[in-house]
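Take a look at the structure below.
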Amino acid sequence: MTGWEDIRAEVLRRIRARDWPPGGMIPTEEDLAVEFGVARATVNRALRDLATSGVLERRRKAGTRVAALPVRKATLDIPVIRLEIEARGQSHSFQVLKQSFMEPPVPIASRLGLGPGFKLLYLETLHLADGKPFAHEVRWLNSEILPRPLPDFHALSANEWLVAHVAYVSGDIAFSAEGASPREAAVLGVAPGAALFVTERMTWTAESPITFVRLAHGPGYRVQTLV
């Protein structure tokens with residue numbers, strides 16, 4: 001059976017043989033999936049790995065091309081909050097505070113490139129570590145592009161399900177320190193205006209937005225990654 005590692009190796013072979021020269025476009029994920037007889041997600045995984053390594057350049061709606069000057073890129077994997085908490089030796093649980101299908105605020109819709117009237121699935125979730133507030137998650141989710149059936153997000157967190165089941169082509173992530181809003185303060189059990197570590201992240205398929213998520217952690221939260 002052909003796996004993503006096999007596809008990655010063949011793509012590298014073609015690049016090194018100059019079948020696909022530096023700066024040149026490569027076939028689409030759909031065409032490669034047909035050629036190799038695999039699911040598109042398998043091809044996506046191989047191409048994402050090569051893009052991470054700086055061998056390929058991927059742009060939403062513009063396709064994938066061989067990097068003219070390959071460089072190593074810094075990356076940050078999307079963490080599964082449950083695993084992050086369990087790695088601390090604590091027990092994870094979560095509560096869905098609100099779930100609704102509605103039109104996002106204009107600033108969110110604009111960042112996702114959506115026009116007026118486009119509705120998304122809204123989820124507000126509180127993650128807990130040993131029963132105490134760990135992270136407040138506000139997520140807007142483009143349910144139209146997700147595989148069916150959708151899970152019960154009260155039983156399996158959207159964070160964990162998306163990481164396991166939905167491949168992304170590109171993303172955008174920002175970190176900031178912000179004062180807790182009245183809602184965040186109430187949910188996290190901190191004083192209004194207390195300093196929070198905030199992560200805002202968007203992910204995309206080749207054609208469409210997948211999700212916008214805002215994660216707020218209370219004082220003392222620490223991020224660590226490898227370079």
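The values are calculated or read from the model by the stated rules, or taken from the named source; none is laboratory data. Here the structure is a predicted model, which means the values were calculated and not measured. Note: ideal-geometry Cβ built from the backbone for every residue, glycine included; neighbour counts use all protein chains shown.
Out of Ala216, Ala206, Ala180, Ala186, which single residue is at pLDDT 95 or above and either on the phi > 0 side of the Ramachandran plot or out of contact with any Leu (no Cβ under 9 Å at 6 or more places or on another chain) (or both)?
On inspection, the qualifying residue turns out to be Ala186.
Of all the listed residues (Ser91, Ser157), the sole one being of a type in the set (S, T, N, Q), touching a residue at least 40 places away in the same chain (Cβ under 8 Å), surrounded by 13 or more Cβ atoms within 10 Å (Cβ to Cβ) and in contact with a helix residue (DSSP H, G or I) (Cβ under 9 Å, 6 or more places away or on another chain) is Ser157. Applying a threshold of 8 Å to beta carbon distances and a minimum spacing of six or more residues, or different chains, the list of pairs starting in segment 54-74 at a residue that is outside the structural domain of Thr205 (by TED's automatic domain parsing) and of a type in the set (A, V, I, L, M) and ending at one that is modelled with pLDDT under 80 and surrounded by 15 or more Cβ atoms within 10 Å (Cβ to Cβ) reads Val55/Pro70.
Scanning segment 31-40 for residues that are touching a Lys or Arg at 6+ places or on another chain (Cβ under 6 Å), modelled with pLDDT of 90 or more, over 29 Å from Leu141 (Cα atoms) and not assigned by TED's automatic domain parsing to the domain that holds Glu144 turns up nothing. Taking every residue in segment 1-22 that is surrounded by fewer than 15 Cβ atoms within 10 Å (Cβ to Cβ) and pairing it with any residue that is assigned to a helix (DSSP H, G or I) and aromatic (Phe, Trp, Tyr), at least 6 positions away or on another chain, the pairs with Cβ-Cβ distances below 7 Å are Thr2/Phe36. Residue pairs whose Cβ atoms lie under 9 Å apart, sitting 6 or more positions apart in sequence or on different chains, and linking a residue in segment 191-203 that is farther than 22 Å from Leu112 by Cα to a partner that is assigned to a strand (DSSP E or B) and among the aliphatic types (A, V, I, L, M), are Ala195/Ala177; Leu196/Ala177; Leu196/Ala216; Phe197/Ala177; Phe197/Leu215; Phe197/Ala216.
Filter segment 7-21 for residues that are small (Gly, Ala, Ser) and in a helix (DSSP H, G or I) and give the result.
Here is the first cut: in segment 7-21, the ones small (Gly, Ala, Ser) are 9, 17.
Once the filter is applied, which keeps residues that are small (Gly, Ala, Ser) and in a helix (DSSP H, G or I), segment 7-21 yields only Ala9.
For segment 72-79, check the following and say yes or no: at least one residue is touching a strand residue (DSSP E or B) at 6+ places or on another chain (Cβ under 9 Å) and either buried (at least 19 other Cβ atoms within 10 Å of the Cβ) or modelled with pLDDT of 85 or more (or both).
Our first condition is that a residue be touching a strand residue (DSSP E or B) at 6+ places or on another chain (Cβ under 9 Å); within segment 72-79, this holds for 76, 78.
Within this subset, residues satisfying the condition of being either buried (at least 19 other Cβ atoms within 10 Å of the Cβ) or modelled with pLDDT of 85 or more (or both) are none.
Within segment 72-79, none of the residues are touching a strand residue (DSSP E or B) at 6+ places or on another chain (Cβ under 9 Å) and either buried (at least 19 other Cβ atoms within 10 Å of the Cβ) or modelled with pLDDT of 85 or more (or both).
May I ask you to verify whether Ser208 is in contact (Cβ under 8 Å) with a residue 60 or more places away in the chain, surrounded by fewer than 17 Cβ atoms within 10 Å (Cβ to Cβ) and among the hydroxyl-bearing types (Ser, Thr, Tyr)? I'd like the intermediate steps shown before the answer.
Working: in contact (Cβ under 8 Å) with a residue 60 or more places away in the chain: yes; surrounded by fewer than 17 Cβ atoms within 10 Å (Cβ to Cβ): yes; among the hydroxyl-bearing types (Ser, Thr, Tyr): yes.
When the stated conditions are applied, Ser208 passes them.
Report whether or not Ala164 is of a type in the set (Gly, Ala, Ser) and buried (at least 19 other Cβ atoms within 10 Å of the Cβ). Spelling it out, it is not the case that Ala164 is of a type in the set (Gly, Ala, Ser) and buried (at least 19 other Cβ atoms within 10 Å of the Cβ).
Pairs meeting the criteria (first residue in segment 119-138 and within 12 Å of Met102 (Cβ to Cβ), second residue of a type in the set (Asp, Glu), beta carbons under 7 Å, at least 6 apart or on different chains) are Lys119/Glu103.
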